[in-house]
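Novice: Mind looking over this structure? Questions follow.
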Amino acid sequence: MKRYSLCLLIALTILSAPLCAQALEIKLGVVTKPGSAQNIVAEKFRELVEARSEGRITVKIYHSKSIGNETEILQQIQMGTIQMGIVTVGPFDTFDPIVRVINYPFLFRDNDQADEILDGPLGAEILKSLESSGFKGLCFSENGFRNLTNNKRPVRSPDDVNGLKIRVMSSALHKTIWQSLGANPTPMPWPIYTELEQGVIDGQENPLWVLEVYKFYEIQRYMTLTRHVYSAHIDVAALNWWQSLGAADRTLIRETICEAARYQRGDNRAKNAARLDLLKAKGMQVEEQPDKAAFRRQVAGLQESEMYKDPRVQDLLARILDATR
Ligand code: EAX
């Protein structure tokens, strides 16, 4: 018998619950379906934290929009109706614009640089900042670098983007980025298969795993490896709930979710080459060498724009840009 079950049995027998640490059920929300990046973090976290607590802590994962889109998941965490979530940085920016620094276009050169910044003191500052909106930011997992797909034409330079109806995440920054690139961006919460299929939108942008897991190769013909934004998830908890936990539980939960995040980032990256092959085999036409310099020029004014005008956000962005150059 596991130690926790034994403990529970003794406690029940002699009606002396304080003998044991309290059972804890964590409700955790992700918008995507099983097999998706967010779910891989969530499932690894559940497996490890349940084993390490010997069943005292249990995790119930709500996925596939069963408790709403990513904005609604964050609202529920703020209200305390669920305790944790794995949420993409895009929709987070209406809760705290500080997260926009991560989605600054063409910020990170590669995965290593993203890890170096987000796992370091600058990333810690971002997580800390979220406390002012009721979140405890624990660590970063990832969607990965985002790429443009569409159904109209091959895209090599921003000229080809002109007028394309692109679905973007519910984020003012993402809308601004695609306006700067000449597209006609429409913010829409996840999922978007039907809208793509019916031609309500011409295209979208997401990392490679999304095209595989959501079978976008069935309904999108052209892909361009723009890698325009590194799309992190924030692995987040409700601040009030977090503060109600004992120190040992906080340490266990934080260490475990961060381990799950590192596991997921490695898993995601290891699969990307095979995904690209798959998407080509399924008939997608892939532009692997877009004119990155031209894309960068189009978004060069963003740092000075409305999006980053909050002095706190501007200051952090400047320091991150310094650290990445
Ligand atoms: O994680 O909304 C989005 O485009 C996200 O990247 C999506 O939920 C996949």
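Please treat every number below as a calculation from the coordinates, not as lab data. Since the structure is predicted, the reported quantities are computational estimates derived from the model, not experimental observations. Neighbour counts run over all protein chains shown; Cβ positions are idealised from the backbone, glycine included.
Novice: Largest first and to the nearest Å, give the Cα extent of the chain along each principal axis.
Specialist: 75, 45, 31 Å, listed from the longest principal axis down.
Novice: With a 10 Å Cβ neighbour count serving as the proxy for reagent exposure, in which order, fewest first, do 77, 192 appear?
Specialist: Lowest to highest Cβ neighbour count: 192, 77.
Novice: Can you put 106, 92, 295 in order, fewest other beta carbons within 10 Å first?
Specialist: Going from sparsest to densest Cβ surroundings: 106, 295, 92.
Novice: Can you show me the helix-derived [θ] at 222 nm for the chain, built from DSSP H runs with n ≥ 4 at -39,500 (n - 2.57) apiece and divided by the number of residues, rounded to the nearest 500.
Specialist: One gets -13500 deg cm²/dmol as the mean residue ellipticity at 222 nm.
Novice: Follow-up question, since we're still on this one. Select from the chain the helices, each a whole stretch of DSSP H, whose alpha-carbon atoms run 15 Å or more along the helix axis and whose Kyte-Doolittle mean is at least 1.0; answer none if there are none.
Specialist: Passing helices, by number: 3-14.
Novice: When the Cα centres of the range 237-306 and the range 104-124 are compared, how far apart do they sit, in Å?
Specialist: One Cα centre to the other: 10 Å.
Novice: Answer rounded, prolate or oblate for the range 246-325, using the Cα gyration tensor with square roots of eigenvalues a ≥ b ≥ c: rounded when a/c is under 1.5, else prolate when a/b is larger than b/c, else oblate.
Specialist: Oblate shape, in that a/c is at least 1.5 and b/c is the bigger or equal ratio.
Novice: Follow-up. Which one, 298, 83, 204, has the greatest fluctuation when you compute a Gaussian network model over the chain with C-alpha springs under 10 angstrom?
Specialist: 298
Novice: Taking the Cβ of each residue in 181, 321, 302, 28 as the centre, tally the other Cβ atoms inside 10 Å and list the residues starting with the fewest.
Specialist: The most exposed by this proxy come first: 321, 302, 181, 28.
Novice: With +1 on each Lys and Arg Cβ and -1 on each Asp and Glu Cβ, and nothing else charged, work out how big the dipole of the chain is about its Cα centre, in Debye to the nearest 20.
Specialist: Approximately 400 debye in magnitude.
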